Amino acid sequence: MVGIEDSEPPLKRVKGPLGESKSSPEDSSLTESLACSLGDVMARPLTSQGDGETIGSKGVIKRSEFIKIITRALYSLGYDKSGALLEEESGISLHSSVVDLFMQQVMDGKWDESVATLHKIGLSDEKAVKSASFLILEQKFRELLKMDKLSTALHTLRNEIVPLQINMSRVHELAACIISPSKSAILGLSDVDNEGAKSRSEFLTKLQKLLPPSIVIPEKRLEHLVESALDVQRDSCAFHNSLDSDLSLYSDHQCGRNRIPTQTLQILEAHSDEVWFLQFSHDGKYLASSSKDQSAIIWEVKEDGQVLLKHMLTGHQKPVSTVSWSPDDQQLLTCGQEEVIRRWDVGSGECLKLYEKSGVDLISCGWFPDGKGIFAGMTDMSICLWDLDGKELECWKGQKTLRISDMAITDDGKRIISICSETAILLLDREAKFERWIEEDEVVTTFTLSKDNKFLLVNLINQEIHLWSIESDPKLVSKYMGHKRARFVIRSCFGGFEQAFIASGSEDSQVYIWHRCSGELLKALPGHSGAVNSVSWNPANLHMLASASDDRTIRIWGLGHLNIKHRDQSNGIVHHCNGRS
């Protein structure tokens, strides 16, 4: 609680931390003119309830707090005249006169006076008073050291800081700076500005955080309240799939189902057989697909959203089961079904390296996070890590992966994840040599690792998709149902804003989309004429989804507001649709 009432005119108060103001000095006539021009507006009382102590329709906002927060925001933005006028018109001062005096003394480097004034502010928390006093006296100590006044600094340490009897570890560090001046740089004590203005302004900001918000309104409090309100609106939006830049203060935010990609915008028909897998690059500029026709294709996503064939990758002697993008999206791995792994240059389409191991076939592949190595699952149930030249670096023997298996590695390179039995997924810690498992009651077919490496999306043979948290001990979080799976490997993916949605293929020729948190099935998208084997959500475009099907096509789904004419390409047929399937 403030101990001393205001007695000084608002225009003379310090609204620290002090800095350059956007408003230039003007004479009193301009100030008076501005006050008059705003008078009619600012003198009007805010809509209030009861005795005027609260405002707003619910009567829960205290009028004085509301005005102080607006005043604080005006000063923070550099609108000093507007802030002072609001104080004068409302009759509500931002700070008490004793707080203004305290802040001015800090800015002037009057450390002893500021400590004395601190005790007059009316803080009831003795611990807060001591902590603030310690901070002030440490700043005094820092500036004395900077001016080479070692004896005075030592006196301050012994007779002013030590008696506070707090933060003794820091006291020892300060003492070391007197004994060995070189330690000042290590502890950050040599950063004090010669003039002191910048250093003191930053220090005052730090000091204010120790004072109760009822005494000093926190910096950017209004911005924090507005951002919190936007967060609440965004979190309560069931179909939220918009960038933060799309949020506005002018109206309440609410996304509709039309923010989810549900309309076919393109049909890509370059494969000559079933399309088994597809995946967007990390930057969303490319899409790679693999097929039973023993080929893989790199598609380029243009700025206008069109997806065009870039390279047809041939050379495999068996169907290509999966693809994997390098961390920098400059290279691509393709894995033949129980065959070999090929590494391709995305720019030229050239095959750079072929990986194989004598006596066993390869069934899955992926990149090491630094892009300097690859890992693969083998038909002998082992997992191997190679450098780009093909030299084996590590190999884990035993029942680590099945013949049809997904694999993943976390971004820190510490954990390798693979399907290790029909109903279990292995979480292998490479450094700790520690193994954990996710155990399901049904057969696991595929899985997908979330972008933040904290969740695993697991597809099961019983037509369910399970979401597992894998941060610590694996925990089942949610289930998604509705799609069809009887004979084939069907894959799902995360997608949308902060991966808030789950998408999956299905044997009934549809693409299914669920809300990740609620588990609600939002949409089933018809269009394909065969089983949908794989889906991928563009990580850079919240409104672009791709699906691969046994009907030999890839569909690009969007919001349906594009109007692109139908056209064919000589290097791969591409049908452009007007938002319809």
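Observations
- Sequence of Val232, Val360, Val458 from largest to smallest accessible area, 1.4 Å probe: Val232, Val360, Val458
- Solvent-accessible area, 1.4 Å probe, carbon plus sulfur percent, for segment 241-328: 44 percent
- If you wrap segment 95-216 in the convex hull of its Cα atoms and look at it from every side, the mean projected area works out to 7.0 nm².
- Of the GluC sites (Glu not before Pro) found in segment 451-546, those in coil by DSSP whose Cβ has at most 13 other Cβ atoms within 10 Å are Glu471, Glu520.
- Cross-link pairs Lys146/Lys206; Lys292/Lys414; Lys433/Lys475; Lys81/Lys146; Lys353/Lys454 - those with Cα-Cα distance over 28 Å: Lys292/Lys414; Lys81/Lys146; Lys353/Lys454
- Ligands, DNA and RNA aside, Tyr286 has an accessible area near 50 Å² when probed at 1.4 Å.
- Structural descriptor for segment 95-216: relative contact order 30 percent, calculated from alpha carbon pairs under 8 angstrom and at least 6 residues apart.
- When Lys475, Lys81 are compared by accessible area of protein heavy atoms, the largest-first order is Lys475, Lys81, using a 1.4 Å probe.
- Cross-linked pairs Lys302/Lys479; Lys62/Lys198; Lys302/Lys451: Cα-Cα separations exceed 27 Å for Lys302/Lys479; Lys62/Lys198.
- Pair Gln317, Glu356: separation of 7 Å Cα→Cβ label points (nm): 0.6 nm
- Within the same chain, aspartates and glutamates fewer than 8 places from Lys372 are excluded, and of the rest, those with a Cα less than 17 Å from its Cα are Asp328, Asp329, Asp345, Asp387, Asp389, Glu392, Glu394, Asp411, Asp412.
- With kT/(6 pi eta Rh) evaluated at 4 °C and eta = 1.567 mPa s, and Rh the Kirkwood radius from Cα pairs, segment 263-558 diffuses with a coefficient of 68 µm²/s according to Stokes-Einstein.
- Available extension along the chain between Asp345 and Ser201 is 46.5 nm, counting 0.36 nm per residue and deducting the alpha carbon span.
The values are calculated or read from the model by the stated rules, or taken from the named source; none is laboratory data. As the structure is a prediction and not an experimental result, all values here were calculated from the model. For neighbour counting, all protein chains shown are included, and Cβ atoms are generated from backbone atoms with ideal geometry for every residue, glycine included. Remember, those area values only see protein heavy atoms, side chains included, never the ligands or the DNA or RNA. Shrake-Rupley method; radii C 1.70, N 1.55, O 1.52, S 1.80 Å.
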